[in-house]
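Undergrad: Below is the structure I would like to discuss, written out as structure tokens.
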Amino acid sequence: MDVVANKSKTSYKGKSAKKNNLMLILFPIILVVLLGLIFVLNNQNEKIVQDEAANRVVDFKLEGQPVLGSSDAKVTLVEFGDYKCPACKQWEETIFPQLKADYIDKGDAQFVFMNYPFLGPDSNTAAYAGEAIHANHPDAFFAFHEALYAAQQDERVQWATPEYLLEVAKKVVPDLNGDEFLKQIQDDTYKEKVQGDFQAGEAAKVSGTPSVFVNGKEYTGNYLDYKSLKAFIDQELSNAK
């Protein structure tokens, strides 16, 4: 009886070992299949999002916005930016000059900047400063816009104080009324205007900065890939003819 029992136990242990070995073999296969499915689904979702963005045309209300370029241009470029955003600074210094030379200066495109402050409280403060310049010295807005990106500091600290913004503004607008400029920033005079820009960005499904729209169509490519952006703009110019 004991011999039979021992044989039975041995047989059971053998079956259990085989089962464990089979699970060890199947587990990596199942894991690879699951990861593959997740990858495919993510790619499909990303493609759906890109297709939706490509087919969506946003009707921006641009009255009262800072505009650079001819109002007769066939293409309107709208950028949503945050003055604290390092990527926006990079875009401003590397991509925008090429856009300006190739399209804005030639009358083929006009450029509009809209605020999308989201990185910190002083993102709003910097946006208020921009609006103050635009309201009181509209011809100096884009010079201040450029100077403010050039003066950008670490996004992790609150550097865009009213006093610092005044310092930057005075270099661009020597006859600026400093007291009035500071008062407008500190009183949140342009809070409603900045909030309106931000809400327009939310409605356009802006997910970060810089975000660029060409005739209301979002450019979803690499923001630093000028060749790709240029092809996107050229297509819109071709469609407008």
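Read-outs: derived from the displayed coordinates by stated rules, not from any lab. Bear in mind that the values here come from a model prediction, so they are computed numbers and not experimental data. Quick reminder, even Gly has a Cβ in these numbers, built from the backbone with ideal geometry, and neighbours come from all protein chains shown.
Undergrad: How much length is gained on full extension from residue 230 to residue 62, taking 0.36 nm per residue of separation minus their Cα-Cα distance?
TA: Details: separation 168, 0.36 × 168 = 60.48 nm, distance 2.26 nm.
That works out to 58.2 nm of additional length.
Undergrad: Over segment 104-223, what is the relative contact order in percent, taking alpha-carbon pairs closer than 8 angstrom and at least six residues apart? Mind showing how you got there, number by number?
TA: Values: 93 pairs, mean separation 36.0, N = 120.
Relative contact order, segment 104-223: 30 percent.
Undergrad: Using the alpha-carbon centroid of each, what span in Å lies between segment 83-115 and segment 166-214?
TA: The distance from the Cα centre of segment 83-115 to that of segment 166-214 comes to 17 Å.
Undergrad: Are there GluC sites (Glu not before Pro) in segment 51-125 that DSSP puts in a loop and that have at most 10 other Cβ atoms within 10 Å, and which ones? Mind dumping the intermediate values first?
TA: Numbers: sites: 52, 63, 79, 92, 93; in loops: 63.
Within segment 51-125, the qualifying GluC sites (Glu not before Pro) (loop, at most 10 other Cβ atoms within 10 Å) are 63.
Undergrad: Here's a follow-up. Of the listed pairs 100/241; 84/205; 100/171; 183/205, which have alpha-carbon separations greater than 30 Å here? Intermediate results must be reported in sequence, preceding the final value.
TA: Working: 100/241 21 Å; 84/205 20 Å; 100/171 23 Å; 183/205 33 Å.
Pairs exceeding the cut-off: 183/205.
Undergrad: Taking just the alpha-carbon atoms of segment 142-241, what radius of gyration and Dmax come out, in angstrom?
TA: 17.5, 49
Undergrad: If you don't mind, there's one more thing I want to ask. Under 18 Å Cα to Cα from residue 106, which aspartates and glutamates show up? Leave out anything in the same chain fewer than 8 places away.
TA: Correct list for residue 106: 72, 234, 236.
Undergrad: With a ≥ b ≥ c taken as the square roots of the eigenvalues of the C-alpha gyration tensor of segment 78-225, please select rounded if a/c is under 1.5 and otherwise prolate if a/b is larger than b/c or oblate if it is not? It would help to have the intermediate numbers written out before the result.
TA: On the way: a/c = 1.64, a/b = 1.39, b/c = 1.18.
It is prolate, given that a/c is not under 1.5 and a/b is the larger ratio.
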